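What follows is a structure written as structure tokens; I'll ask about it next.
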Amino acid sequence: MEGGATLLIDGSSLAYRAYHAIPVITGPDGTETNAVHGFLNFLSRLIEDRRPSRLHVALDADWRPQFRVDALPSYKAHRVAAEGDPPDPVEPQIALIIEVLDEFGISTGRSEGHEAEDVIASIAKRTDGPVEVVTGDRDLFALVRLPHVRVLYTLRGVSELAPVDQQWIRDKYGIPGDRYMDYAIMRGDPSDGLPGVAGIGEKTASELLRKYGSLDAILAAPDLSPTVRAKLNRAAQYLVGARRVVALAEDCPVEGGDGAIPTQARDPDGLRALVDRLGLAGPIERLRSAIRRLASATP
């Protein structure tokens, strides 16, 4: 199928969003499937709305890669389950989503020792032609420095998406459109265990990047205020580690299909058995219908 952009979907991001958006649903065998239902409905809507030429659902092979932990031990440390903590209710449903996608024949990209964001970055960098990335993770805003990439940031399900490009970054954060990574490093992100530079919040980070253009230029600026320089010097070790953590791994090997959108299920019998077991007839039929309409509308 030709004509549209290559669509890269952050699988984990959309699965968690689906889980929290839909009340508990159980299949005939008692398995919880609300995230599976929601994800498949999201996927159908995206195919209808975006009309992609290729499609990859990116997955975490490792949600907390060792190379990032080595660079900054606090990276996602607060998310590591402690003894006695209840299991994550979404992870089993992500496994089911992967099973459904594999039976259908939709490409699911993984890279050993890397997160979904690295998979997305690697595919995007290698792709000729326009790329659209669907995610609720702001880390991927750094990809819009590539002129052929636009991030569709989830605001409400997938019915309301912010089209993030370099102009959007400039308008939203008041920084050069290709410098979101530098901004994220200085500001920090408590949800990922990145403390940021103490005393430099969003406003100051924006002002510094607007004046000097990049984090490297800020650090080298001879006219930098002594107060700001002292804050950056105290955070020197953090800045070294954060660069490694926040930077997307854009050259990792990706397994999981070439992105071709199947016009029929790869394994009809296996898919039928899975649909019957989990009670997914409605979402699967919507997905089939979306793909049929895409195929009929594509020259």
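Hey, if you put +1 on the Cβ of every Lys and Arg and -1 on every Asp and Glu Cβ in region 107-194, which of Ala184, Ala121, Tyr173 ends up farthest toward the positive end of that dipole?
Going by the Cα projections, it comes out as Tyr173.
Show that you can apply the helix-only estimate: for the chain, add -39,500 (n - 2.57) for every DSSP H stretch of four or more residues, divide by all residues, and state [θ] at 222 nm to the nearest 500. Display every interim value, and only then the final one.
Working: 13 runs with 140 residues, N = 299.
Result for the chain, helices only: -14000 deg cm²/dmol.
Work out the length of the dipole vector of region 178-299 about its Cα centre, built from +1 on the beta-carbon of each Lys and Arg and -1 on the beta-carbon of each Asp and Glu, and round it to the nearest 20 debye. Working shown, then result.
Working: 17 positive and 16 negative charges, 77 e Å.
Its charge dipole is roughly 380 debye.
What shape does region 157-264 have by the C-alpha gyration tensor, where a ≥ b ≥ c are the square roots of the eigenvalues, rounded means a/c under 1.5, and otherwise prolate means a/b greater than b/c and oblate the rest? Mind showing how you got there, number by number?
Details: a/c = 2.47, a/b = 1.84, b/c = 1.34.
Because a/c hits 1.5 or more and a/b exceeds b/c, region 157-264 counts as prolate.
Once Cα extents along the principal axes in Å is worked out from the coordinates, which option in [x] 58, 40, 39; [y] 77, 40, 32; [z] 68, 53, 32 does it equal?
Of the listed options [x] 58, 40, 39; [y] 77, 40, 32; [z] 68, 53, 32, [z] comes from this structure.
For region 1-144, with only Lys/Arg (+1) and Asp/Glu (-1) charged at the beta-carbon, what is the dipole magnitude about the Cα centre, in debye rounded to 20?
On the way: 13 positive and 24 negative charges, 101 e Å.
About 480 debye.
Going by average Cβ density within 10 Å per residue, which order do the peptides 44-51, 58-65, 232-239 take, highest to lowest? Write out the running numbers ahead of the final one.
Values: 44-51: 17.8, 58-65: 20.4, 232-239: 14.9.
Those peptides, ordered most packed to least, come out 58-65, 44-51, 232-239.
About the Cα centre, and with charges only on the beta carbon of Lys, Arg (+1) and Asp, Glu (-1), how big is the dipole of the chain? Nearest 20 debye, please. Numbers along the way, then the final one.
Values: 35 positive and 43 negative charges, 235 e Å.
Dipole about the Cα centre, nearest 20: 1140 debye.
Please state the shape class of region 251-299: rounded when a/c is under 1.5, otherwise prolate if a/b exceeds b/c and oblate if not, all from the C-alpha gyration tensor.
Numbers: a/c = 2.43, a/b = 1.21, b/c = 2.01.
Note, shape of region 251-299 comes out oblate.
Right, something else. Using a ≥ b ≥ c from the Cα gyration tensor of region 1-149 (square roots of the eigenvalues), is it rounded, prolate or oblate, where a/c under 1.5 gives rounded and otherwise the larger of a/b and b/c decides, a/b for prolate?
Details: a/c = 2.10, a/b = 1.12, b/c = 1.88.
Note, shape of region 1-149 comes out oblate.
Let me ask something else about it. So for the chain, taking the charge dipole from beta-carbon charges (+1 Lys/Arg, -1 Asp/Glu), which of Ile94, Pro163, Tyr212 sits furthest toward the positive end?
The residue sitting farthest along the positive end of the dipole is Tyr212.
Taking the Cα centre of each part, how many Å lie between region 226-279 and region 15-92?
11
Residue farthest toward the positive end of the dipole of region 1-76, with Cβ of Lys/Arg at +1 and Asp/Glu at -1: which of Gly30, Leu40, Ser74?
Among Gly30, Leu40, Ser74, the one farthest towards the positive end of the dipole of region 1-76 is Ser74.
Only the coordinates and a few stated rules stand behind these numbers; no lab work does. Quantities reported herein were computed from a predicted structural model and do not represent experimental measurements. Don't worry about glycine lacking a Cβ; one is built from the backbone with ideal geometry, like all the others, and counts go over all protein chains shown.
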